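We did not get these values from a lab; they are worked out from the coordinates using the rules stated. Quick caveat, the model's predicted, so the values are computed rather than measured. Glycine also receives a Cβ, built like all others from the backbone with ideal geometry; neighbour counts cover every protein chain displayed.
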Amino acid sequence: MDRLADVSNLRSSQSQTQISHLALDIGGSLIKLVYFCRYDDSCRDDGDELRSQNDSLCSKSDNSQPVLEGRLHFAKFETSKINDCLDFLHSMKLCLDGSHDGTAPPSNKIFIKATGGGAYKFADLFKEKLGVSLDKEDEMECLVTGANFLLKAVHQEAFTYLDGQKEFVQIDPNDLYPYLLVNIGSGVSMIKVDGDGKFERVSGTSLGGGTFWGLGRLLTKCKNFDELLELSHRGNNRIVDMLVGDIYGGTDYAKIGLSSTTIASSFGKAISDSKELEDYEPEDVSRSLLRMISNNIGQISYLNALRFGLKRIFFAGFFIRGHAYTMDTISVAVNFWSKGEAKAMFLRHEGFLGALGAFMSYEKQCLDGLTVHKMQQKFPISASSAGDNIYCSLNSNSDENGSIECTVYGT
Amino acid sequence: MDRLADVSNLRSSQSQTQISHLALDIGGSLIKLVYFCRYDDSCRDDGDELRSQNDSLCSKSDNSQPVLEGRLHFAKFETSKINDCLDFLHSMKLCLDVNSGSHDGTAPPSNKIFIKATGGGAYKFADLFKEKLGVSLDKEDEMECLVTGANFLLKAVHQEAFTYLDGQKEFVQIDPNDLYPYLLVNIGSGVSMIKVDGDGKFERVSGTSLGGGTFWGLGRLLTKCKNFDELLELSHRGNNRIVDMLVGDIYGGTDYAKIGLSSTTIASSFGKAISDSKELEDYEPEDVSRSLLRMISNNIGQISYLNALRFGLKRIFFAGFFIRGHAYTMDTISVAVNFWSKGEAKAMFLRHEGFLGALGAFMSYEKQCLDGLTVHKMQQKFPISASSAGDNIYCSLNSNSDENGSIECTVYGT
C-alpha cells in the first residue's frame, strides 16, 4: 500500500487520531462512503452520535483486542452536493474525536482514508470545513482491493444476469485470478487483476455513466440518473435507432451474422428532418442511450478480456444499479461478441469497491487502528486482503440499506 | 463474384441490356453513385443526355474494342430523398436504353435493364426502382463491394491513401505487393470493420453501432442543425471541455500520471452535462457538436485499434462519409489509434472515402456481357497494373480528381 510520507511522520506523533471506521471514494459524479457502526450504538444512517462506540474505538493505549460487532454501512452523495456529505460527516465526526465542536487542536490531526480524484481535489475543503486531512489512497488499487475482498469474503456477491434470470456465482477463492474488472463510473476503467495487489489498468473508455447521465439530461430534462433509468423501462429503442432491417428492407444480413433487429446505427433514425427533439418520447431516447452505452462498454470490455485471455468480466460502479435492462444489454453484448466464451458478472456492492478498498487500507499498527475480524462461524473462507493489515468477513445478505453485518476488533 | 441466379439466366436472353457505366451503393443514410462519361459527350453532373456515348457503349454485337476515354463521376443523395436520386437516374437513363427503342422510360417486358447496386437499399428499394424507372437492381454484396473498391483504389490510384498527424496530410505510397493484410473500417450510418487478406479474401470481424448516423442523429437532436455538414462546421469552433469531464476535473487539475492519464484526457464524455445548473439551451451548440464528434471518433479509433491488434494488423484504412476530409475528425481518430497502440498502428484515410461500395459494384460488371465494358489500363501514367475482381475489370485512375472528385479514366468495350 502506498504511504504518504507525511502520514508516516505523523503517525509517530502521540496526539494523532485516526478515524478508522470511515472511508471515502470521491469520484467525478458521486461520493461513496463506507463506515462501521457497533450494534449497541444508536448509530443510524441519519448520523446520530456514536459516542459509545467511540469510547471503545478510541482508547489510545489499549493493547487488548476488543471485539466489536456491528455493521458496515454504505452511503452516497452527489459530488456536486458535497456540502451534504460534509454535513453528514460532521455529525459523525462529533463522536469520533471526542471534541464536540468540530475543531481539533492543531497538533491533533485527524485523517480519513479517501480515494478517487476528489481526495486530491477536495483535500483543502475537507481541511477547512471539517478540520480533517484526507489520507489519499490510489483509486485503482482501492477498486481492486475492494473487488478481491468482496469476491472472496461475501457469500453471494457476484451474479450473472441472463434472460431475466439472476444467478449467484460461486467464487472459488483459489481460482479467482485472473479476471477483468470493469468499473463504470463517470468514465470507465478496465483493470486486469492477477492477484492480491497485482493488477494493471489496461484500458478504459470515456463513454460511461457520466455520458449516459449527461446526454440523457440534455435530451430528456430528467432531473437525475434514477429518473432517466426509470424512463428507459418503458421505451422502444427502434423508434430512434436504425436497425439492420431498416437498411435492408426488413431482412437480415445473414451472410455476416447480423439479424434484422441488430442495431446498425444508434440514433440513426434521428437524422430524419421530419421530427425534432420534442417529437420524440423521452422514454425511447433514454432506452436508446442506455442501450448504446451498455453495448459499447460490453464490446470494449470483451475485446480487452479477449486480448488478455480472460474469461470472467466483473462489472462494478454505479452505472448499473441492479437495473435489469442494463445488465441484460451488457450480458448480451459480452455473449454476442465472445460467442459465448466470456461471462459478464455483476456485483451487489457494485459502487462501493473503491470506498471498501480504502477502508481496508487502514493500518493495524495505528494506535487507534481497527482490524476487522474474521467471522469464522459463518464463513470458514479466510478473507485476508491487502497483506496482513486487515481481515474481514461479511455476512450473507445485506439489509435494505445495503449494510452488512461485520465483526471488527481493535489491535 | 456472386452471381444472382436470375441474372445468369437472363443473360442468355438476347434482348437484355445492361447498363455498365453506372453503379449504386444505397446505404442507411446516403445513396452513392459512380458513373462513367465519355469526353466527347455533353455528359455533365446535372444529368444531360448521354446519347452519343450510348451509341458506342450499347452496340450489341460489336466484338471490336473501342477505347473510350472519359471520366468516372461520383454523386451522392440522402436516402431519405431517394426521389431526387430517381429523377437524376431517370435523366441519365434516357440515353442508356435507346436500343430498346423506347424513350419514354418504359421498356418492353422482355427487355430488362439492370443496374449494379449494393448496400441494404439494393434490397429495400428494389421494387421502387422497378416501379419508377423500370430498372432492376443487380444486387452485389455490401462487404465484397467495399473491399473490391478499397483494393482497387489502393492499388490503382496514385495518391489515394494518406495519414493525418499534427495537422499534416501526408500521402502514403502503397506497394501493391505489400497491401495485405489490412483492416478496413467503413464509417457509414454504422461502422463495419473488415479484415482484408487479399483480392476477394476478407472477413467482417467487427463493427459498432456508434457511427456517422449516431453523430448526425444525436447532433441533430441536440443542436437543431439541418444537416451533417452544418454539424461538422459547428464543431470547428467548439470547446469540448465545457461539456466533457476531464481527468483534471476529477483530480483537481492534476494528472493521474500513475496510469498514464494526463489532466486533459477525457474521463467522461458529456460528463459535465450532468450539472443541474444548466439546461440544453445554456450550452453552445459548437461545444456540444465538438464533444459529440470527439466521442464518436475516439470510440471508433479505439475499437478499430483493438481489432487491428487482435489480428496483428498494423494498417487501418478509414472509409465512409463520416470523415469528409474534416481535420478534427481525422486528427482525433489518428490520435486515438496512436494513443491506444502506443504508436504501433497507423490510421490512414482515403480520398474517395465514401465511394468504395459504389466503385466495388461498378467493378463487378462482367466483361462477357454483350454490352459490358472493361475499363482499360492507362499505361502511360501508371505502369502499375490494376486488375481487380479476377479477370473481369481492369482500371487505372489518373492522378488527382478535379473539384467534383471525378477521375480521368479509360474504358473499353469487349
Handout entry: Ratio of the Cα radius of gyration of the range A:218-370 to 2.2 N^0.38 Å, where N counts its residues
Key = 1.32
Completion exercise
Per residue, the convex hull enclosing the Cα atoms of the range A:164-265 spans a volume in Å³ of 188 Å³
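Under the definition of partner shielding as Cβ atoms of other protein chains within 10 Å of a residue Cβ, what is the mean value for peptide A:118-128?
Working: counts 3, 2, 6, 7, 1, 1, 1, 1, 0, 0, 0.
That works out to 2 on average.
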Problem - the range B:266-371, dipole about Cα centre (Lys/Arg Cβ +1, Asp/Glu Cβ -1), debye to the nearest 20 - result: 740 debye
Completion exercise
If every Lys and Arg gets +1 and every Asp and Glu gets -1 at its Cβ, then about the Cα centre the range B:161-264 yields a dipole, in debye to the nearest 20, of 480 debye
Problem - Positive-pole candidate from B:Ser206, B:Ile296, B:Phe171, dipole of the range B:170-306, charges at beta carbon - result: B:Ser206
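Quick check on the range B:235-300: take the gyration tensor over C-alpha atoms, sort the square-rooted eigenvalues as a ≥ b ≥ c, and tell me if it's rounded (a/c under 1.5), prolate or oblate.
Numbers: a/c = 2.38, a/b = 1.45, b/c = 1.65.
It comes out oblate by the Cα gyration axes.
Enter the mean number of other protein chain beta carbons within 10 Å of the beta carbon of each residue in B:299-309, as an integer.
Details: counts 6, 0, 0, 8, 5, 0, 1, 8, 1, 0, 3.
Across the residues of B:299-309, the mean count of other-chain Cβ atoms within 10 Å is 3.
Which entries in B:Lys155/B:Lys201; A:Lys121/A:Lys223; A:Lys255/B:Lys139; A:Lys275/B:Lys132; B:Lys81/B:Lys132; A:Lys81/B:Lys258 show an alpha-carbon gap greater than 19 Å? Provide the component values of the computation, followed by the final result.
On the way: B:Lys155/B:Lys201 15 Å; A:Lys121/A:Lys223 25 Å; A:Lys255/B:Lys139 14 Å; A:Lys275/B:Lys132 27 Å; B:Lys81/B:Lys132 14 Å; A:Lys81/B:Lys258 28 Å.
The answer is A:Lys121/A:Lys223; A:Lys275/B:Lys132; A:Lys81/B:Lys258.
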Exercise for the section: Under 14 Å from the Cβ of B:Gly188, count the other residues' Cβ atoms, weight Lys and Arg +1, Asp and Glu -1, and hand me the total. Expected result: -1
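Report the net charge of residues surrounding A:Ala342, where surrounding means a beta-carbon distance below 10 angstrom and charges are Lys +1, Arg +1, Asp -1, Glu -1. Provide the component values of the computation, followed by the final result.
Values: positive: A:Lys311, A:Arg312, A:Lys339, A:Lys343; negative: A:Glu341.
It works out to a net charge of +3.
Show me B:252-262, A:311-321 ranked by packing, highest mean number of other Cβ atoms within 10 Å first. Please report the intermediate quantities before stating the final value.
Numbers: B:252-262: 14.7, A:311-321: 22.7.
Averaged packing, sorted descending, gives the order A:311-321, B:252-262.
Evaluate E = 1/(1 + (r/R0)^6) for B:Asp229 and A:Ser272, where r is the Cβ-Cβ distance and R0 equals 25 Å; express this FRET efficiency to the nearest 0.05. Don't jump to the answer; show the numbers that get you there.
Values: r = 17 Å, r/R0 = 0.67.
My answer for the efficiency is 0.90.
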Exercise for the section: Take peptide B:202-210, look around each residue's Cβ out to 10 angstrom, count Cβ atoms belonging to other protein chains, and average those counts. Expected result: 6
Completion exercise
Contour minus Cα-Cα span, B:Lys342 to B:Tyr328, at 0.36 nm per residue, comes to 3.0 nm
Completion exercise
To the nearest 20 debye, the range A:136-194 has a Cα-centred charge dipole, built from +1 on Lys and Arg Cβ and -1 on Asp and Glu Cβ, of 100 debye
Exercise for the section: Taking amide H positions as placed in the peptide plane 1.01 Å from N, state which residues far from B:Phe270 in sequence (5 or more) or on other chains have amide H under 5 Å from it. Expected result: B:Asp244, B:Met245
Exercise for the section: Highest first, please rank the peptides A:139-152, B:329-342, B:150-163 by the mean number of other Cβ atoms sitting within 10 Å of their residues. Expected result: A:139-152, B:150-163, B:329-342
Exercise for the section: Could you rank the peptides B:223-235, B:281-293 by their average count of other C-beta atoms within 10 Å per residue, with the highest value first? Expected result: B:281-293, B:223-235
Handout entry: Residue-span extension gain [B:Asp178 to B:Val205] - 0.36 nm each, minus C-alpha spacing
Key = 7.6 nm
